[in-house]
Ligand code: ADP
Ligand code: G6P
């Protein structure tokens with residue numbers, strides 16, 4: 001097998017086997033932030049990407065994309081349920097997101113999680129050339145860094161957690177906390193979205209493993225120094241700006257606006273259908289504003305775009321059921337013929353359509369109860385070429401650290417959320433322009449390439465790995 005100097009490992013690959021019949025490969029932009037954002041920087045990098053092709057069964061044969069080699073992994077149905085739906089998405093995911101739903105601790109899932117991590121680690125260890133770099137992504141593969149270290153002590157190992165890393169008192173609930181912590185700390189650099197996460201891991205490493213804090217953002221464990229740090233992830237700002245500038249996208253935005261009946265105000269939300277996204281809190285706030293007559297369907301409309309996610313997991317199925325019931329109720333009680341209160345679109349959109357939607361929205365409503373970053377908020381800002389529009393953003397999204405000029409809100413406080421929505425809807429255009437201009441200029445200097453460069457340069461200290469990235 002040909003080896004690469006850079007190997008990326010994530011649960012999900014950014015493409016699946018929906019390859020065009022003539023063999024030409026289409027990138028399938030995964031609706032999640034990770035695969036979509038990483039593909040933006042790796043599509044011109046000589047590297048190998050190890051990950052799951054997205055369907056249960058044998059690994060699909062996937063073609064390379066330019067200089068990026070795909071190394072697809074299969075998942076059996078037992079693995080899909082124990083590793084992906086079980087330990088990753090029913091234990092770690094809710095626990096890491098403030099336990100907004102109670103995490104499920106099923107003793108049967110651990111062994112599958114460990115075995116799948118071992119298989120991904122072996123694949124990565126085979127794919128990396130001597131002295132190369134392996135960059136492991138996210139909570140699905142938390143044991144992989146340590147496993148690679150055992151298999152290939154010659155390589156540099158990075159780990160980046162895209163989701164929040166919880167405070168010690170929550171992490172301590174995990175029955176396998178020692179293995180999970182040791183697994184991550186097998187890396188040379190453990191990266192997070194927010195600085196607090198780096199403090200959390202240091203505290204845990206000291207308390208549970210007897211590690212020492214040996215510097216700012218450095219832990220020493222068993223005589224080996226491990227660096228930690230915050231590297232807030234971003235989007236392909238140039239891509240979104242270019243889309244927003246396209247004539248057909250601008251025409252499409254005007255068309256959407258007219259299809260919506262030319263309301264005075266359009267509120268937009270775009271989420272994976274996940275209980276961390278605070279969709280129900282926002283629907284409650286909007287519905288109460290309608291009920292109290294503070295918002296009228298005559299001049300205001302909400303568009304909720306959602307992509308189904310993890311559909312076989314009970315909590316996700318139940319969420320979808322509740323949301324669809326609530327949207328139906330709100331439209332039934334407040335809509336008029338030809339004037340629904342909410343347009344609910346549960347379907348994937350291409351990037352151009354998303355850019356047009358962002359341009360259509362006067363107020364973008366992003367209200368997660370907890371979110372590692374939330375790239376949708378950044379996409380909205382990048383799409384607002386004329387610096388108009390208001391962003392209502394949860395304090396509990398990583399993006400709130402950077403987008404301080406948004407209308408920041410605590411989504412658990414529904415009354416506060418209602419007031420903030422009204423403030424954003426009624427804001428003075430000059431104030432909106434000032435806020436949006438500040439957020440846009442921040443994003444330009446902090447795009448996805450800057451993120452990857454900052455991380456990889458901290459990892460290898462020489463900039464050699466980052467030199468291969470798109471400029
Ligand atoms: P998460 O990673 O939790 O899903 P993010 O907001 O960080 O949340 O990333 C979501 C990504 O998925 C964004 O790039 C967004 O544009 C994309 N996305 C969301 N909804 C859709 C949709 N309906 N169709 C296509 N892409 C979508
Ligand atoms: C989040 C996670 C990613 C994941 C994505 C989509 O962004 O951090 O690792 O890929 O959600 O979820 P899915 O379960 O469809 O991969």
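The values are calculated or read from the model by the stated rules, or taken from the named source; none is laboratory data. Please read all numbers here as calculations on a predicted model, not as lab measurements. Every residue, glycine as well, gets a Cβ built from its backbone with ideal geometry; the counts of neighbours run over all protein chains shown.
Using the structure shown, decide if residue 329 is assigned to a helix (DSSP H, G or I), surrounded by fewer than 21 Cβ atoms within 10 Å (Cβ to Cβ), within 16 Å of ligand 2 (Cβ to nearest atom) and not assigned by TED's automatic domain parsing to the domain that holds residue 34. Explain how you work it out, then say what you get.
Values: assigned to a helix (DSSP H, G or I): yes; surrounded by fewer than 21 Cβ atoms within 10 Å (Cβ to Cβ): yes; within 16 Å of ligand 2 (Cβ to nearest atom): no; not assigned by TED's automatic domain parsing to the domain that holds residue 34: yes.
So residue 329 fails the test.
If you scan the range 346-356, which residues turn out to be loosely packed, with under 14 Cβ neighbours inside 10 Å and either free of Cβ contacts under 8 Å to residues at least 12 places away in the same chain or away from ligand 2 (no atom under 16 Å from the Cβ) (or both)? Talk me through it step by step, then tell me what you get.
If we filter the range 346-356 for residues that are loosely packed, with under 14 Cβ neighbours inside 10 Å, which is where we start, we get 347, 350.
The answer is 350, and nothing else.
Got a sec? Which helices (runs of 4 or more DSSP H) wholly within the range 188-287 have at least 3 residues that are more than 27 Å from the chain's Cα centre (by Cα)? Steps first, please.
Details: elements: 195-209, 237-245, 247-259.
Helices (runs of 4 or more DSSP H) meeting the threshold: 195-209, 247-259.
State all residues of the range 74-88 that are out of contact with any helix residue (DSSP H, G or I) (no Cβ under 6 Å at 6 or more places or on another chain) and either surrounded by 22 or more Cβ atoms within 10 Å (Cβ to Cβ) or in the same structural domain as residue 309 (by TED's automatic domain parsing) (or both); if no residue qualifies, say none. Step through it out loud before you land on a result.
Initially, the range 74-88 is screened for residues out of contact with any helix residue (DSSP H, G or I) (no Cβ under 6 Å at 6 or more places or on another chain), giving 74-78, 80-81, 84-85.
75, 84 - these are the residues of the range 74-88 that are out of contact with any helix residue (DSSP H, G or I) (no Cβ under 6 Å at 6 or more places or on another chain) and either surrounded by 22 or more Cβ atoms within 10 Å (Cβ to Cβ) or in the same structural domain as residue 309 (by TED's automatic domain parsing) (or both).
Which of the residues spanning the range 305-326 are out of contact with any strand residue (DSSP E or B) (no Cβ under 8 Å at 6 or more places or on another chain) and away from ligand 2 (no atom under 16 Å from the Cβ)?
318, 321, 322, 325, 326
Being surrounded by fewer than 20 Cβ atoms within 10 Å (Cβ to Cβ) and in contact with a strand residue (DSSP E or B) (Cβ under 7 Å, 6 or more places away or on another chain), is that true of even one residue in the range 431-448?
Looking for residues that are surrounded by fewer than 20 Cβ atoms within 10 Å (Cβ to Cβ) and in contact with a strand residue (DSSP E or B) (Cβ under 7 Å, 6 or more places away or on another chain), one finds none in the range 431-448, hence no.
Can you give me the number of residues within the range 375-403 that are in contact (Cβ under 8 Å) with a residue 12 or more places away in the chain and farther than 22 Å from residue 242 by Cβ? If you could, list the steps in order and put the result at the bottom.
First, pick out the residues of the range 375-403 that are in contact (Cβ under 8 Å) with a residue 12 or more places away in the chain: 375-385, 387-399, 401-403.
Narrowing the set further to residues that are farther than 22 Å from residue 242 by Cβ leaves 390, 392-398, 401.
Number of matching residues: 9.
Can you pull out every residue in the range 91-129 that is outside any helix (DSSP H, G or I) and either in contact (Cβ under 8 Å) with a residue 60 or more places away in the chain or at positive phi (or both)?
Filtering the range 91-129 down to residues outside any helix (DSSP H, G or I) leaves 97-108, 128-129.
Within the range 91-129, 97, 98, 99, 100, 101, 103, 105, 107, 128, 129 meet the criteria.
Could you count how many residues in the range 331-350 are farther than 21 Å from residue 272 by Cβ and touching a helix residue (DSSP H, G or I) at 6+ places or on another chain (Cβ under 9 Å)? Steps first, please.
Keep residues of the range 331-350 that are farther than 21 Å from residue 272 by Cβ, which gives 331-341.
Subset that is touching a helix residue (DSSP H, G or I) at 6+ places or on another chain (Cβ under 9 Å): 333-334, 340-341.
So the answer is 4.
To keep it simple, each residue is scored yes or no on (1) assigned by TED's automatic domain parsing to the domain that holds residue 452; (2) at pLDDT 95 or above; (3) in contact with a helix residue (DSSP H, G or I) (Cβ under 9 Å, 6 or more places away or on another chain); (4) more than 21 Å from residue 274 (Cα to Cα).
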position: 100; (1), (2), (3), (4): yes, yes, yes, no
position: 114; (1), (2), (3), (4): yes, yes, yes, yes
position: 129; (1), (2), (3), (4): yes, yes, no, yes
position: 139; (1), (2), (3), (4): yes, yes, yes, no
position: 145; (1), (2), (3), (4): yes, yes, yes, yes
position: 151; (1), (2), (3), (4): yes, yes, yes, yes
